[in-house]
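The values are calculated or read from the model by the stated rules, or taken from the named source; none is laboratory data. What you see is a predicted model; the values in this text were computed from it and never measured. Here the Cβ is made from the backbone with ideal geometry for all residues, glycine too, and neighbour counts use every protein chain on show. All accessible areas refer to the heavy atoms of the entire protein, side chains included, with ligands and DNA or RNA removed. Shrake-Rupley method; radii C 1.70, N 1.55, O 1.52, S 1.80 Å.
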Amino acid sequence: MKSPLLALPGAVPAEGADEGVAAHYGDLFREQRALADGTGFVDLSHRAVVTVTGGDRLSWLHLLLTQHVSELPAGRSTEALILSANGHIEHALYLVDDGETVWMHAEPGTQEALIGYLESMKFFYRVEVADRTAEFAVVHLPAGSIAEAPAGAAVRETPYGRDLFLPRGELESFAAAHGPAAGLLAHEALRVEAHRPRLGFETDHRTIPHELGWIDTAVHLQKGCYRGQETVARVQNLGKPPRRLVFLHLDGSEVHLPPHGAEVRLAADGTEGRKLGFVTTSVRHHELGPIALALVKRNVPLDAPLLADTTAAAQEVVVEP
């Protein structure tokens, strides 16, 4: 869905998975600094919005998600995953219950598959699942923002700020009252700095929660059965994840950032060396310069200099091997 905020001065449309909102509004680093200072907002109105209502909504979702939500207090936010039978990540959900409705947002364009799975698991439970993407838009306020949420908006409080579920018709008035707007590139730069994974960027078809650190924020290890739990328990108790997420400081003299999927190798082996992983997200940060997240094999030495495509990179540990 195309955001009306693309009509704001300086707006440059995002591409790929984030098509429909602004990549930036003319000054990437100024927008990053504003978010870091707790001012402005980010238009995330391209993200999927799904709601679940009904008296059984929390107990039902508890059976399907990796997170413990059966007793989730009203207003308490959380993250959760939906896994395949083999424990691979299929959906990442960011949700809050307002006392009557569970509001969740997910990656753009994933709502059809998500709702299809949820509908197939309803059985006799008193729940109603709805795609609200056409009616509601997600807006992010950074940590430290003193902006007030409009009356009636569902709010997700997180350590990184607040996600608001706004009626789409209020987007332009919200922007006028709470600007300046910051684009997706600024939001992504702060996400990478915080080492937070994103579905479809840090994941591929075989990613498990342990590899990305999602085991700490989106998985409850003492809850009951859910699809894929056997893999989670086995890796947690008996094994080690085959890959691990790392944070990369990239050589700032390079003009181009390594793209998503760029191969990662040991610097000592050069560009012809064995592939050890791939770049998941690369960004330019207002203080740190070019940085990236990458998924590499568990046995890559922790202090080894790396090559991300042809760019020299120093790694920091995100997930312990």
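Residues being in contact with a His (Cβ under 6 Å, 6 or more places away or on another chain), aliphatic (A, V, I, L, M) and at pLDDT below 95 are entirely absent from the stretch 176-194.
Among residues of the stretch 141-154 being out of contact with any Gly (no Cβ under 6 Å at 6 or more places or on another chain) and open to solvent by less than 40 Å² (accessible area, probe 1.4 Å), the one that is modelled with the highest pLDDT is 154. Pairing residues of the stretch 286-304 that are without any contact (Cβ under 8 Å) to a residue 24 or more places away in the chain with residues that are acidic (Asp, Glu), at Cβ distances under 8 Å and at least 6 apart in sequence or on separate chains, gives no pairs at all.
Tell me which residues, restricted to the stretch 54-63, are part of a helix (DSSP H, G or I) and either open to solvent by less than 10 Å² (accessible area, probe 1.4 Å) or in contact with a Phe, Trp or Tyr (Cβ under 6 Å, 6 or more places away or on another chain) (or both).
Of the residues in the stretch 54-63, the ones part of a helix (DSSP H, G or I) are 57-63.
Passing the criteria: 60, 61.
Picking from residues in the stretch 280-299 that are closer than 11 Å to residue 250 by Cα and aliphatic (A, V, I, L, M), the one that is surrounded by the fewest Cβ atoms within 10 Å (Cβ to Cβ) is 288.
So which residues in the stretch 300-311 are farther than 19 Å from residue 242 by Cα and open to solvent by less than 50 Å² (accessible area, probe 1.4 Å), if there are any at all?
Narrowing the stretch 300-311 to residues farther than 19 Å from residue 242 by Cα: 305, 307-311.
Answer for the stretch 300-311, where residues must be farther than 19 Å from residue 242 by Cα and open to solvent by less than 50 Å² (accessible area, probe 1.4 Å): 307, 308, 311.
Condition check: open to solvent by 50 Å² or more (accessible area, probe 1.4 Å) and acidic (Asp, Glu). Does residue 170 satisfy that? Give the steps one after another, and end with the answer.
Numbers: open to solvent by 50 Å² or more (accessible area, probe 1.4 Å): yes; acidic (Asp, Glu): yes.
Answer is yes for this residue.
Restricting attention to the stretch 41-53, report how many residues are among the small types (Gly, Ala, Ser) and not in a strand (DSSP E or B). Outline the logic, then answer.
Going through the stretch 41-53, the residues among the small types (Gly, Ala, Ser) turn out to be 45, 48.
Still in the running and not in a strand (DSSP E or B): 45.
Residues meeting the conditions: 1.
Taking each residue of the stretch 99-124 that is on the phi > 0 side of the Ramachandran plot and looking for partners that are open to solvent by 20 Å² or more (accessible area, probe 1.4 Å) and small (Gly, Ala, Ser) with beta-carbon atoms closer than 6 Å, six or more apart or interchain, yields 99/74.
Let's see how each residue does on (1) in a loop (DSSP other than H, G, I, E, B); (2) within 16 Å of the chain's Cα centre (by Cα); (3) among the hydrophobic types (A, V, I, L, M, F, W, C):
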{"position": "78", "(1), (2), (3)": "no, yes, no"}
{"position": "93", "(1), (2), (3)": "no, yes, yes"}
{"position": "113", "(1), (2), (3)": "no, no, yes"}
{"position": "126", "(1), (2), (3)": "yes, no, no"}
{"position": "155", "(1), (2), (3)": "no, no, yes"}
{"position": "163", "(1), (2), (3)": "no, yes, no"}
{"position": "171", "(1), (2), (3)": "no, no, yes"}
{"position": "174", "(1), (2), (3)": "no, no, yes"}
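Checking each residue of the stretch 32-53 against the condition of being surrounded by fewer than 15 Cβ atoms within 10 Å (Cβ to Cβ) and among the hydrophobic types (A, V, I, L, M, F, W, C) gives no match. For the stretch 236-243, the criterion of being touching a residue at least 60 places away in the same chain (Cβ under 8 Å), open to solvent by less than 60 Å² (accessible area, probe 1.4 Å) and touching a helix residue (DSSP H, G or I) at 6+ places or on another chain (Cβ under 9 Å) is satisfied by at least one residue. Of all residues in the stretch 155-167, exactly one satisfies the criterion of being open to solvent by 40 Å² or more (accessible area, probe 1.4 Å) and either touching a Cys at 6+ places or on another chain (Cβ under 9 Å) or among the charged types (D, E, K, R) (or both), namely 157.
Close Cβ contacts (under 7 Å, 6 or more residues apart or on different chains) running from residues in the stretch 188-205 that are within 11 Å of residue 294 (Cβ to Cβ) to residues that are in a helix (DSSP H, G or I) and of a type in the set (A, V, I, L, M) comprise 202/212.
Just a yes or no: is a residue in the stretch 258-279 part of a strand (DSSP E or B), in contact (Cβ under 8 Å) with a residue 60 or more places away in the chain, in contact with a strand residue (DSSP E or B) (Cβ under 7 Å, 6 or more places away or on another chain) and aliphatic (A, V, I, L, M)? No.
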